[in-house]
Each structure stands twice: as C-alpha cells, then as structure tokens.
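The structure appears right after this line, and notes come after that.
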C-alpha cells in the first residue's frame, strides 16, 4: 500500500473540518429509513439504516471525546495507526489501535453510548480511516464531552480526558 500525504487525501476526497476535530466527508447514507419505534430512546427520531464517512486525523490534532446513540465501525485505509480511546458506560478505558502495524487491527468497533476520542501518536503521521454508523449517524444523537463534567464522571481517566477535550 502506498502512503500518500494528508493534503492528497483531503483534496481527493473533498474532506472538510469536523466539529470534533480532523476532516471528513460523508460517503454513504442508506435510503432505508428506520422508524423511531424500531430504535432506542437515545435516537431522537427516525434514522437511516446506515451511514459512512471518510475521516482523516493528522499528528497534533485530535478527535474530541464524544458519544453517539449507535455503534460505530472503524476501518483503516492509509497512513499510520490511530489510537481510539473508549470509556465504556461502566467506566472501563479501552485503547484501540487502528492500523496495519503488527500490534494494530485494521478494524474496530465502538459500542453505542461509549465516550470516545482519538489521536495519531506518531510524529509527522496521519490516519485516513472510514467510520460506518448503524443505525445511521445524525447530529441529534451526538454529544460532545465537556472536559470538566467528563473528568468528574471518570476521575481515574482525567489525563486522557484532558488531552482529548477542549477547554470549556
């Protein structure tokens, strides 16, 4: 696999800044619409069955801790490894290394309701990946973490929470 530059992918895939950090472009939104009564109470209205985006993060950037109402499936496409930090509803910190290194996996899942954020930890590197959400993503089901409130909920993870949130 040939590794290209972040600018190459940003231009080729028409990526734009994402509210949580990094750059993205939606590439698929299922036409199948799931009614509210088929979803959880965390979904605030009917949802497309599935959505998918390209997502790119460069070293020095981070995707801020957030949570959504659906499972999110991550796929590695190019660049170095991405470290995804997940805090489960039970407070367990899981670190997923998304990539093709021997100690990484090209695929991982973040379960609905978990807080998660990510960053590239190798200098001068980046990660291009894909994120597939089912039921489909909608900003009505998106919650960006507040640094202080998340650290109060999970004080044992204060260091990574401070690293992957913005000041309130």
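Every read-out reported here was derived from the displayed coordinates using simple, explicitly stated rules and does not represent laboratory data. These numbers were taken from a predicted model, which means no experiment stands behind them. Neighbour counts are summed over all protein chains in view; Cβ atoms, including those assigned to glycine, are modelled from backbone coordinates with ideal geometry.
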>> Relative contact order of the stretch 6-163, please, whole-number percent, based on alpha carbon pairs below 8 angstrom and at least 6 residues apart.
In response: 27
> So how many Å³ per residue does the convex hull of the Cα atoms of the stretch 1-88 work out to?
Replying inline: 126
> Using a Gaussian network model of the chain with C-alpha springs under 10 Å, which one of 123, 64, 134 is most mobile by mean-square fluctuation?
Replying inline: 123
> Hey, could you pull the Cα Rg and Dmax for the chain, both in Å?
Replying inline: 15.7, 47
> Exposure proxy check: 11, 71 ranked by fewest other beta carbons within 10 Å?
Replying inline: 11, 71
